[in-house]
1. Name the single residue, out of those in segment 416-429 being surrounded by 21 or more Cβ atoms within 10 Å (Cβ to Cβ) and part of a loop (DSSP other than H, G, I, E, B), that is farthest from the chain's Cα centre (by Cα).
2. Give me the residue from segment 244-268 that is farther than 22 Å from Leu538 by Cα and within 27 Å of the chain's Cα centre (by Cα) and, out of that set, modelled with the lowest pLDDT.
3. Just to be sure, is Leu182 crowded, with 19+ Cβ neighbours inside 10 Å and either in a loop (DSSP other than H, G, I, E, B) or among the aromatic types (Phe, Trp, Tyr) (or both)?
4. Yes or no: segment 422-439 includes at least one residue that is in contact with a helix residue (DSSP H, G or I) (Cβ under 9 Å, 6 or more places away or on another chain), within 30 Å of Leu182 (Cβ to Cβ) and outside the structural domain of Ala45 (by TED's automatic domain parsing).
5. Applying the selection to segment 75-115, what residues are in contact with a Gly (Cβ under 8 Å, 6 or more places away or on another chain) and either β-branched (Val, Ile, Thr) or more than 12 Å from Thr61 (Cβ to Cβ) (or both)?
6. Counting only residues that are surrounded by fewer than 23 Cβ atoms within 10 Å (Cβ to Cβ) and of a type in the set (S, T, N, Q), which one in segment 341-371 is farthest from Thr66 (Cα to Cα)?
7. Which residue pairs have Cβ atoms under 9 Å apart, sit 6 or more places apart or on different chains, and have a first residue in segment 104-118 that is in the same structural domain as Leu414 (by TED's automatic domain parsing) and a second that is assigned to a loop (DSSP other than H, G, I, E, B)?
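The values are calculated or read from the model by the stated rules, or taken from the named source; none is laboratory data. Remember, predicted model here, so these are calculated numbers, not experimental data. Neighbour counts run over all protein chains shown; Cβ positions are idealised from the backbone, glycine included.
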Amino acid sequence: MTRPLPQLTPMNEWFWTSGADDRLRIQGCTECRTLVHPPVPVCPACRSRSWAPTVVSGRGTVVAFTVNHHPWHPAFEPPYAIANVALAEDATVHLTTNIVGCDPDDVSIGQEVAVRFEQHEDVWIPLFEPTGTSDAVNRVPEPQRPAPRAPVASDRYEHRVVLSGVGRSAIGRRLMVDPLSLTVDACLEAVADGGLTLDDIDGLSTYPGMVGMGLSEGGVTAVEEALRLHPTWINGGGELPGPGGAVIAAMLAVAGGLCRHVLCFRTVWESTYAALRLGPGSGGGRVSGPLLEWRAPFGAMSAANWIGMNANHYLHRYGATRELLGWIAINDRANAARNPAAIYREPMTMDDYLSARPITSPFGLYDCDVPCDASVAVVVSDATVAADLPKPAIRIEAVGTQITERISWDQDTLTHEPQVIGQSSHMWTRTSLRPGDVDVAMMYDGFTFNAITWIEALGFCGFGEAKDWLDGGRRIALDGELPVNPHGGQLSEGRTHGFGFIYEAVQQLRRDAGERQVAGAKTAVVTSGGGTPSGVMLLQRDET
């Protein structure tokens, strides 16, 4: 079985065949000499459209890495090392690659490496092998809190809408229920929860739309056909501010007068999809597209690999240990014990966490969220209906969506998960509230490291300070200063790709969360997205 190979196109063929003469080439602007990777049609520095493949030395430095232990693809026998290598000519230009010529456990941040090529059919894969060491961490800049664009007016679209209803289907592993049935269950419950009927619904919004791999019910088309609604506005797609972007888009549609009640929904059925072996085969076709072309040839098949590299960089730079990540997993599990809907409710100790099966360093089994089957629905309504709702309306105080970092998993931010810092900073420009005003936090935890980076990006502590701020997990416990993920998060309740956090925030602010209720919860922050791009919302209980 060969490595997954990229689909060669006129735009990329020069890169993937460059190694035929053992020379590494990177796109170079012929006007200002800026190096660019991956290739794009315009220079990001001078905006020139003139470029050429440019020979570079082939030397670089490991600035992030992960040792993968999970069999993602039959061509890659674990363990193997995936790395982010900064080029010697320009430390801002990175390649995701493999480190070869040494034991995977000997790979480290700071290693100097040199390229060597491996031919597979008509593709030359650039791999790197160690040549020495350096202080590479100093080549990666410290993260900065950006100054996002200020609101253009005092009026806020967020204040013209409320969350009026929420619903959820059964949640579990391998339910063997078709995803559209799950979606209908959640949607009908959300509409009834808001005191509405299907005739009131005049908008539909979902994420990520009509996709496969157990990540969708079929999109707006499938739900419209099932429920026979007549929306004046619809939205469905993956290029939104995280999964919660479907709700944010609905807010804009209602605030703009396009509709009055938008039914938003998100369905996953990954565990049944896997059990039925509905996925594509492991051989034959070539990979393409920005997510996989530059990663799959090196066995970086999963977001676990991509984010694991950043997590290792973080631990190295700030002197933290895996116990930092463990406190997130242990807190989620302790909270899940109070949530009858959670998939994993058994107690977890730090020893349990540290001894779990390795997936891709620094992540073990309990660092990764739980694939499941479930659907969650939320109704976004015009704020004028708030007083007529059968349950307390949930108001949206502020939303953060601005992109200030590159939309990339490996070319910009290495210290944290990409796409959390800009969105967090943007949200705080749209409200007078501050982190100290938040009563409960829903921190996206597709991986434990995601939650750490959201905590720091939102300003609950400084960059690199989470290891002390968590106070051994006490600060984020249900009775702590900032309760995090009272429902158990995606690590223990199940991976509902962002919508589960919105559902739990509404339950908390309505004071309907039962044994896991945060006393007096009035303000909740909800983060959305475990990659690029992302979004964040600040929600409040309507006390009027």
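1. Among those residues, the one meeting the criterion is His416.
2. Val268
3. Considered against the rule, which asks whether it is crowded, with 19+ Cβ neighbours inside 10 Å and either in a loop (DSSP other than H, G, I, E, B) or among the aromatic types (Phe, Trp, Tyr) (or both), Leu182 comes out as no.
4. Yes, because at least one residue in segment 422-439 is in contact with a helix residue (DSSP H, G or I) (Cβ under 9 Å, 6 or more places away or on another chain), within 30 Å of Leu182 (Cβ to Cβ) and outside the structural domain of Ala45 (by TED's automatic domain parsing).
5. Ala75, Phe76, Tyr80, Ile82, Val85, Asn98, Val113, Val115
6. Among them, the one singled out is Thr349.
7. Sorted first by the residue in segment 104-118, then by its partner, the list stays empty.
So that you can scan it fast, the table gives a plain yes or no per residue for (1) under 23 Å from the mean Cα position of the chain (by Cα); (2) within 19 Å of Thr496 (Cβ to Cβ); (3) in contact (Cβ under 8 Å) with a residue 60 or more places away in the chain:
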position	(1), (2), (3)
Ala147	yes, no, yes
Ser154	no, no, no
Asp199	no, no, no
Asp202	no, no, yes
Val211	yes, yes, no
Val223	no, yes, no
Ile234	no, no, no
